[in-house]
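Working notes, beginning with the structure itself.
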Amino acid sequence: MDTLNKRTNKGKVYLVGAGPGDPDLLTVKALKTLRKADIVFYDDLVSPRILGVCRKKIQMVYVGKRLGIHSCLQDEINTKLIQAANEYKTVVRLKGGDPSIFGRVGEEYSTLISAGISCEIIAGITTASGVASSLGFPLTHRDYAREILFLSGHKKDGVNSDSFKNLNCVGKTIIVYMGLNSIDLIVSELLVAGNSSETHIAVIQNATLNTERVFTGNLDSIQSIILENQVKSPAILVIGEIVRFYREMEILKNDYSSILTSL
Ligand code: SAH
């Protein structure tokens with residue numbers, strides 16, 4: 001218990017990252033915190049297997065969004081967290097990936113601190129890192145990408161096209177969270193910015209889960225690839241030469257496995 005808890009006699013809220021989906025990508029610290037939780041508030045992108053590590057009979061409260069409608073507004077979540085901290089010793093707010101990346105953790109953290117409640121952020125593996133390891137490509141590579149950009153296709157009041165205006169993709173790995181529904185705008189902004197229509201792009205659905213699907217193309221083809229394959233959320237976009245690296249490695253792996261099977 002830290003000083004704030006001792007003084008106020010309130011519980012502590014842990015803002016915990018659940019990783020991108022594969023339960024094995026949960027950090028040890030997150031696992032330990034979940035195991036001692038008295039109540040857990042969780043989002044859509046948290047896999048049921050991860051929820052399964054919690055003690056039986058504790059309260060599990062769903063606060064995600066379904067069918068694109070927020071079942072719980074952020075203010076309501078903040079209020080629920082404060083109430084829970086008055087009632088329980090260990091409160092967990094569980095979010096997909098890393099709570100610090102497009103996870104609205106700042107709003108919750110500042111609300112709790114302002115209410116005199118002790119809270120701690122527990123890092124998770126963000127989808128970008130999860131997908132890179134799952135597919136077998138690095139996010140940076142001295143020959144392909146010396147910079148990484150984490151962008152969101154969505155902002156508080158709708159589609160985010162600002163981040164893509166004048167964006168030069170050369171030498172960068174660009175990861176777009178929440179970009180599936182904004183794909184048309186993203187592609188057109190990148191083309192207007194002067195990027196080649198051959199710029200490599202991949203879309204990955206359900207990264208790190210056994211339902212993972214990956215499709216690669218370029219700025220010209222990606223919209224029809226997404227449509228034809230009915231790619232659904234959650235999906236992440238990876239843009240840049242690192243996608244070419246991934247494809248080359250896949251070809252090499254296939255070549256080796258066909259040699260081996262023909263022996
Ligand atoms: N905090 C999270 C991101 C939350 S924003 C993180 O660090 O990963 C939600 C977006 O993350 C989704 O719209 C999608 O773009 C991406 N995402 C989360 N889990 C994913 C998964 N398993 N596969 C593909 N994309 C995922």
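So that you can scan it fast, the table gives a plain yes or no per residue for (1) open to solvent by less than 70 Å² (accessible area, probe 1.4 Å); (2) within 13 Å of the ligand (Cβ to nearest atom); (3) of a type outside the set (Asp, Glu):
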| residue | (1), (2), (3) |
| --- | --- |
| SER163 | yes, no, yes |
| GLY179 | yes, yes, yes |
| GLU198 | no, no, no |
| ILE222 | yes, no, yes |
| GLY240 | yes, no, yes |
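So, in the range 85-115, of the ones that are in a loop (DSSP other than H, G, I, E, B) and more than 8 Å from the ligand (Cβ to nearest atom), which residue ends up most open to solvent (accessible area, probe 1.4 Å)?
LYS89
Go through (1) touching a residue at least 60 places away in the same chain (Cβ under 8 Å); (2) more than 15 Å from GLU241 (Cα to Cα); (3) surrounded by 19 or more Cβ atoms within 10 Å (Cβ to Cβ) and name the single condition CYS169 misses.
Of (1) touching a residue at least 60 places away in the same chain (Cβ under 8 Å); (2) more than 15 Å from GLU241 (Cα to Cα); (3) surrounded by 19 or more Cβ atoms within 10 Å (Cβ to Cβ), only one is false for CYS169: (2).
Which fully enclosed strands (runs of 3 or more DSSP E) of the range 12-70 have 3 or more residues being in contact with a helix residue (DSSP H, G or I) (Cβ under 8 Å, 6 or more places away or on another chain) and touching a residue at least 40 places away in the same chain (Cβ under 8 Å)? Before you say what the answer is, go through the steps one by one.
Values: elements: 12-17, 39-42, 59-62.
Once the strands (runs of 3 or more DSSP E) in the range 12-70 are filtered for at least 3 residues that are in contact with a helix residue (DSSP H, G or I) (Cβ under 8 Å, 6 or more places away or on another chain) and touching a residue at least 40 places away in the same chain (Cβ under 8 Å), what remains is 12-17, 39-42.
So ILE186 ticks every box in (1) within 16 Å of the ligand (Cβ to nearest atom); (2) closer than 30 Å to LEU15 by Cα but one. Which box is left unticked?
Only one criterion is unmet by ILE186, namely (2).
Assuming PHE245 fulfils every condition listed in (1) farther than 16 Å from LEU151 by Cβ; (2) among the hydrophobic types (A, V, I, L, M, F, W, C); (3) within 16 Å of the ligand (Cβ to nearest atom); (4) touching a His at 6+ places or on another chain (Cβ under 9 Å) apart from one, which condition is it?
(3)
Read through the list (1) modelled with pLDDT of 90 or more; (2) open to solvent by 100 Å² or more (accessible area, probe 1.4 Å), then give the number of the only condition that ILE77 fails.
Of everything listed in (1) modelled with pLDDT of 90 or more; (2) open to solvent by 100 Å² or more (accessible area, probe 1.4 Å), ILE77 misses just condition (2).
Let's see how each residue does on (1) modelled with pLDDT under 95; (2) closer than 26 Å to SER233 by Cα:
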residue: VAL40; (1), (2): no, yes
residue: ARG55; (1), (2): no, no
residue: GLY64; (1), (2): yes, yes
residue: ILE101; (1), (2): no, yes
residue: SER110; (1), (2): no, no
residue: THR126; (1), (2): no, yes
residue: SER134; (1), (2): no, yes
residue: PRO138; (1), (2): no, yes
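Just to be sure before I move on: is SER118 open to solvent by less than 70 Å² (accessible area, probe 1.4 Å) and either touching a Lys or Arg at 6+ places or on another chain (Cβ under 9 Å) or at pLDDT below 95 (or both) in the structure I sent?
yes
For the range 116-148, give me the residue count where each residue is hydrophobic (A, V, I, L, M, F, W, C), farther than 16 Å from VAL243 by Cβ and not in a loop (DSSP other than H, G, I, E, B).
If we filter the range 116-148 for residues that are hydrophobic (A, V, I, L, M, F, W, C), which is where we start, we get 117, 119, 121-123, 125, 128, 131-132, 135, 137, 139, 145, 148.
Of the ones still in play, those that are also farther than 16 Å from VAL243 by Cβ are 117, 119, 121-123, 125.
If we keep only those that are not in a loop (DSSP other than H, G, I, E, B) too, we end up with 119, 121-122.
Going through the range 116-148 one residue at a time, the tally reaches 3.
Just to confirm my filter: which strands (runs of 3 or more DSSP E) fall fully inside the range 149-241 and include at least 1 residues that are modelled with pLDDT under 95 and not hydrophobic (A, V, I, L, M, F, W, C)?
Where strands (runs of 3 or more DSSP E) fall fully within the range 149-241, none carries at least 1 residues being modelled with pLDDT under 95 and not hydrophobic (A, V, I, L, M, F, W, C).
The values are calculated or read from the model by the stated rules, or taken from the named source; none is laboratory data. Only a predicted model underlies this, so the values are computations on that prediction, with no experimental measurement involved. In this analysis, Cβ positions are derived from the backbone assuming ideal geometry, glycine residues included, and neighbour counts consider all displayed protein chains. When the accessible area is computed, the model is the full protein with side chains, heavy atoms only, and any ligands, DNA or RNA have been set aside. Shrake-Rupley method; radii C 1.70, N 1.55, O 1.52, S 1.80 Å.
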